Structure formats: C-alpha cells, structure tokens
Amino acid sequence: MSSHVTLTLDPAFRVAPVRRRTFGAFVEHLGRCVYTGIFEPEHPQADAQGFRTDVLALTRELGVSSVRYPGGNFVSGYRWEDGVGPVEDRPVRHDLAWHSSDPNTVGIDEFVDWARAAEVEPMYAVNLGTRGVQEALDVLEYANAPAGTHLSDQRGAHGHDAPHDIRLWCLGNEMDGPWQIGHKTAEEYARLATETARAMRMEDPDLELIVCGSSSSSMDTFGAWENTVLTEAYDHVDMISAHAYYSEKDGDQASFLASADDMDHFIDSVVATADHVRAKLKRDKRIMISFDEWNIWYQHRAESRPPSGDDWPVAPVLLEDVYSAQDAVVFGNLLISLLRHSDRVASASLAQLVNVIAPIMTEPGGAAWKQTTFHPFALTSQHARGEVLDVRLDAPAFDNARFGTSSAADAVATWDEADGALAVFVVNRGADAPLALDAELGSFGDLELVEALTLHHEDPYAANTKDAPDTVVPAANDSVAIADGRLTGELPAISWSLIRLARRA
Ligand code: AHR
C-alpha cells in the first residue's frame, strides 16, 4: 500500500462561501449543560446574572456562531412559560426525556441574555411533541413581537423591552424518533409542522424555519420521512434538519475512523430527496440542511443512562463523555464534511456545548477546561474564511466493516482571495502509517507557509482531563514545507491538521 496522499487544490474548485452558521452549537436542558454549565450563580466567576464567565470566554474562544436551545428531547415536553417571570414563582417540573427535575431558573430570557454575552445567535426550538400551533405562536409573540401585545408586554415586564429578534426556529425535535415525547408518523408531523410554519410566518414572514428531518441515517424511515415531510411543508420552510452521532463500537476502530463517509452519504441523500420533492412540486427554491445535532457520542456507556425510579435529580451527571485524540480526529473530519457541503448545509450545531457530549467541561464551583474536540472546532471556525474549495485527493484506501473501503485521507480547503489566505484541513484516518503529503499550489500564486498544526497523540485514546487539560493539543508540524509551489509534509497516523498559507507580500 502506498503511503502518499496527493491533494489537488485549485481556486476554481469553489463549493460555496464559508457560512458562519456552520459553527453553531447546542445548549439543552440536559444533565449539567445549563445548570453548572453555562449557569451557576454560586460560582466564583459568575456574573451578575449567574452565568459562568469562564464558560462564556471559552465559548467565544471556540468560535461558536449560533446556539440551539432548549432541546433536544427535552423540548418535546417543555412549557416555555415555566421559564419566564420572577424566578421564585417558576415551577419545578419533571423532565420526562432525561428523568430529571428542572427548576426553570433559566428560560428563554436568560438564554437570550447569555447568547448576547457569548456573542452567538440564538436559535430556538418549539415543542411539537406535547404542544402545537398555538404554543409556538405564543412563544414567538413573547420573544419577537414589539411592545404592545399581551405577551410582548409580559416580556417587557420581565425586564426585556426590546424584542429578542430570534430568526432561526426549529419546528420540534427528532419527531421521527419513537423515543420522542409525542412522536409522530411522517404524515402527522408533516401536517403539524406545516400548519405551525404557516401560522408563524403570518406573524413574521422572514423567519427562518427548520423542519425535522431524520434523527439518524440508520432510521428505518430515513428518506421516506424527508420525502413525506417536505412534500407537505416545502413552501413554508427553509431547511430540513439532520442529526448524527458517531462512536467506536465493539472495538471497530476502522469504521469509526471513516465516520465522515456516513455524514457525506447522509447529506447527499437528504439533498437528493429534497431536490426530488423540488422537481415533483416544480419549485425554484432549494431546501437547505440544518445539521443541528452532530458529534461523537458513546451512547451505550453508563454516562448516557438517565436516572430511573423515584430519582429525579436536578442537573445530574449525564452524557459526560471524555474525548480522546482519535475522537478529535474523527470530529475534525466531520467538520471537513460539513464544510465540503456548504452549498447545501446552511447551518450546523455541534451537540452540545458544555458538559453534555461537549468540547467544554466544568467542575461545579471549580475549573472549566477544553476537551480534545475543542481544538479542531476552534481552529476550523477561526481559519475557514472566504470560499470553500473542494479538494481532489489520491490516497490509499483502508478496509472497514461499515463502508467496505474508505480513503485514508480526507481534506477540504478555504480560500480568502481578498486576503490571499489559504487554509487546508486534512486528516489521516489510517491507524497504521503516516502519510506523505504532496500538493501542487501553483495556481494560487506565490504562497508562503504561515503555520502547520497537527493534532495527534501516540496513544489515540489519550484524553484531556481537569488536571491534565493539555494532554492532547495541536502542535506545530515542522515537517510541512512549501517550495516552488509544492506543499509537502508528513501526516501522522490518526491525525488532524490545519495548514495555513498566505500570498507572499
Ligand atoms: O444531544 C443529545 C440528544 O440527542 C438530544 O436531546 C436529542 O435530540 C438527540 O437524540
């Protein structure tokens, strides 16, 4: 097997502009994401509203663009009214999705205040599990209507005179999933989502609406669900959601390393289905994808098991996966896939932001630290600029049970013509050998190397912890060089790299 990867890059291989919304995240009332995650009034670094300023700073450093809230499975049993008004009057409720208790000390007003402080765009999901059109209209009026209506005046009385101006709205969550409270058939959901969207647009025709797609490409209803839902909702929505989680299962490392192949297939299939409906309905508009849950998630581990019986704790430790170097490489590869599909993926949300399958971890009353996955996200968000460029590559293949064979390398690039900045994001997904990198860059003009960073660890299962938060961090890759328009270097086995080049002044 050859151990070379040849990248063919050209400024003409344009896909679409880099979309900032690719770098969204997700905050759900789940485990310690909200309580002791973003919000902990007793914490020494809490601000006047109780938000952890260390988490706010890390959220900004992560480069998050938008944050989806309040769920997730949680939203399908949620009453938004419980989370507004004087905190002492708010009810404690059982959250059936995660078998927890919610004190409702954080609701839509606090979340929007937090989002402004974090410099992210709020994205709000309405409950289409146990509720319907009226409640969606009510929360929309509360959030966005100018003063002078019953609910917008209530918002004003709660200290928020100015409308929250939330533009992105999810019409429920994972309604295809039998685990969802108020789970529906595609026909039932299509009807409800369409009527909800139609009514919400009567209030504000410019809202950006996301209808639920499949919660995974392995659902039996995958494809048929999108077809049914879009056939009815096409004229009333802008995007359809996609959710995907990956993990190494039963020691099958090779399939895990190739996870982005599934994401590619998922996106391509939803695009094909959406465009089939477009042709069928004879419409001009194209439906875009909101990949509003994606991540590595070890769902089978004990950390993901909700409490049971009489135990309904507030903010239990749930889904607190600890990510390895290998997880970060697969994660970086998923970002490559999302970027590569920027022509149709208009928005994406990493699930989730803090503590719950998250890049940021916190200790109640204590430290906050970065998981391995923090780094590829932050670097991609920071350096993906200008136009996304497709990268043709020639690399050895490796066998795996899930996909048959997969390319040992995967890459995408971005090119900011005005600034002359080229960023190449590349993974070596092979577990056994380094890859010698070779790329011809002549058509970009005279470029110089700015930096080459590689995330890799001799032990692919090494992780960051509170006491050793820098065990796995990107490091300078001194093998990378450019000479006579040719980029060369070595990509270690199981590694993610960012190579930055700039037009020579
Ligand atoms: O992100 C964790 C959970 O995964 C969400 O609540 C749900 O939407 C999905 O199944």
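The values are calculated or read from the model by the stated rules, or taken from the named source; none is laboratory data. None of the values given here were measured: they were computed from a predicted structure. Neighbour counts are summed over all protein chains in view; Cβ atoms, including those assigned to glycine, are modelled from backbone coordinates with ideal geometry.
Got a sec? Which of Leu318, Leu350, Leu281 is modelled with pLDDT of 95 or more and either of a type in the set (Val, Ile, Thr) or crowded, with 23+ Cβ neighbours inside 10 Å (or both)? So that I can check it myself, show each step before the final result.
Values: Leu318 fails: either of a type in the set (Val, Ile, Thr) or crowded, with 23+ Cβ neighbours inside 10 Å (or both); Leu281 fails: either of a type in the set (Val, Ile, Thr) or crowded, with 23+ Cβ neighbours inside 10 Å (or both).
So the residue among Leu318, Leu350, Leu281 that is modelled with pLDDT of 95 or more and either of a type in the set (Val, Ile, Thr) or crowded, with 23+ Cβ neighbours inside 10 Å (or both) is Leu350.
For Leu230, the requirement of being closer than 23 Å to Gly24 by Cβ and either hydrophobic (A, V, I, L, M, F, W, C) or touching a Leu at 6+ places or on another chain (Cβ under 6 Å) (or both) is met.
Go over the candidates Thr221, Thr194 one by one and state the one that is among the hydroxyl-bearing types (Ser, Thr, Tyr), closer than 24 Å to Leu281 by Cβ and not in a helix (DSSP H, G or I). Steps first, please.
Values: Thr194 fails: not in a helix (DSSP H, G or I).
Checking each option against the conditions leaves just Thr221.
Name the single residue, out of those in region 449-496 being in a strand (DSSP E or B) and among the polar types (S, T, N, Q), that is surrounded by the fewest Cβ atoms within 10 Å (Cβ to Cβ).
In the first step, residues of region 449-496 are kept if they are in a strand (DSSP E or B); the result is 449-455, 463, 475-476, 481-483, 486-491, 495-496.
From what is left, the residues that are among the polar types (S, T, N, Q) are 454, 488, 495.
Details: Thr454: 22, Thr488: 13, Ser495: 26.
The residue in question is Thr488.
Scanning region 66-87 for residues that are within 22 Å of the chain's Cα centre (by Cα) and either surrounded by fewer than 21 Cβ atoms within 10 Å (Cβ to Cβ) or assigned to a strand (DSSP E or B) (or both) yields Ser66, Val67, Arg68, Tyr69. Here Pro86 qualifies as more than 16 Å from the ligand (Cβ to nearest atom) and not charged (D, E, K, R).
Restricting region 161-212 to residues that are small (Gly, Ala, Ser) and in contact (Cβ under 8 Å) with a residue 24 or more places away in the chain leaves a set whose member that is nearest to the ligand (Cβ to nearest atom) is Gly177. If we scan region 399-409, do we find a residue that is more than 16 Å from the ligand (Cβ to nearest atom) and within 21 Å of Ala16 (Cβ to Cβ)? There is no residue in region 399-409 that is more than 16 Å from the ligand (Cβ to nearest atom) and within 21 Å of Ala16 (Cβ to Cβ).
The rows are residues; the columns are (1) over 23 Å from the mean Cα position of the chain (by Cα); (2) in a strand (DSSP E or B); (3) under 30 Å from Asp235 (Cβ atoms); (4) in the same structural domain as Phe23 (by TED's automatic domain parsing).
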position	(1), (2), (3), (4)
Val277	yes, no, yes, yes
Arg286	no, no, yes, yes
Phe291	no, yes, yes, yes
Asn295	no, yes, no, yes
Asp310	yes, no, no, yes
Leu318	no, no, no, yes
Val329	no, no, no, yes
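The set of residues in region 13-57 being basic (Lys, Arg) and farther than 25 Å from Ala413 by Cα consists of Arg32, Arg52.
Any idea how many residues of region 13-63 are in contact with a Gly (Cβ under 8 Å, 6 or more places away or on another chain) and either of a type in the set (Phe, Trp, Tyr) or more than 25 Å from Trp80 (Cα to Cα) (or both)? Within region 13-63, residues that are in contact with a Gly (Cβ under 8 Å, 6 or more places away or on another chain) and either of a type in the set (Phe, Trp, Tyr) or more than 25 Å from Trp80 (Cα to Cα) (or both) number 7.
Contact map, region 348-365: first residue under 15 Å from Asp467 (Cα atoms), second residue away from the ligand (no atom under 11 Å from the Cβ) and of a type in the set (A, V, I, L, M), Cβ cut-off under 6 Å, separation 6 or more or different chains; pairs are Ile360/Leu58; Ile360/Val354; Thr362/Ala368. Taken as a whole, region 53-65 holds no residue that is within 16 Å of the ligand (Cβ to nearest atom), touching a strand residue (DSSP E or B) at 6+ places or on another chain (Cβ under 7 Å), farther than 22 Å from Gly159 by Cβ and assigned to a strand (DSSP E or B).
So is Asp165 more than 19 Å from Arg79 (Cβ to Cβ) and at pLDDT 95 or above or not? Spelling it out, Asp165 is indeed more than 19 Å from Arg79 (Cβ to Cβ) and at pLDDT 95 or above. In region 412-437, the qualifying residues are those that are touching a Lys or Arg at 6+ places or on another chain (Cβ under 9 Å) and among the aliphatic types (A, V, I, L, M), and the one that is nearest to Pro11 (Cα to Cα) is Leu422. Exactly one residue out of Asp419, Asp410, Asp446 is assigned by TED's automatic domain parsing to the domain that holds Leu491, surrounded by fewer than 23 Cβ atoms within 10 Å (Cβ to Cβ), in contact with a strand residue (DSSP E or B) (Cβ under 9 Å, 6 or more places away or on another chain) and in contact (Cβ under 8 Å) with a residue 60 or more places away in the chain, and it is Asp419. Only a single item in (1) within 12 Å of the ligand (Cβ to nearest atom); (2) part of a helix (DSSP H, G or I) is not met by Gln299, and it is number (2). For Ala367, the criteria (1) among the hydrophobic types (A, V, I, L, M, F, W, C); (2) out of contact with any Asp or Glu (no Cβ under 6 Å at 6 or more places or on another chain); (3) surrounded by 15 or more Cβ atoms within 10 Å (Cβ to Cβ) hold in every case but one, which is (3). Looking across region 321-365, the residues that are within 14 Å of the ligand (Cβ to nearest atom) and closer than 22 Å to Val120 by Cβ come down to Ala348, Ser349, Leu350, Ala351, Gln352, Leu353, Val354, Asn355, Val356, Ile357, Ala358, Pro359.
Taking region 410-445 as the range and being more than 30 Å from the chain's Cα centre (by Cα), modelled with pLDDT under 95 and not small (Gly, Ala, Ser) as the test, the residues that pass are Glu440, Leu441.
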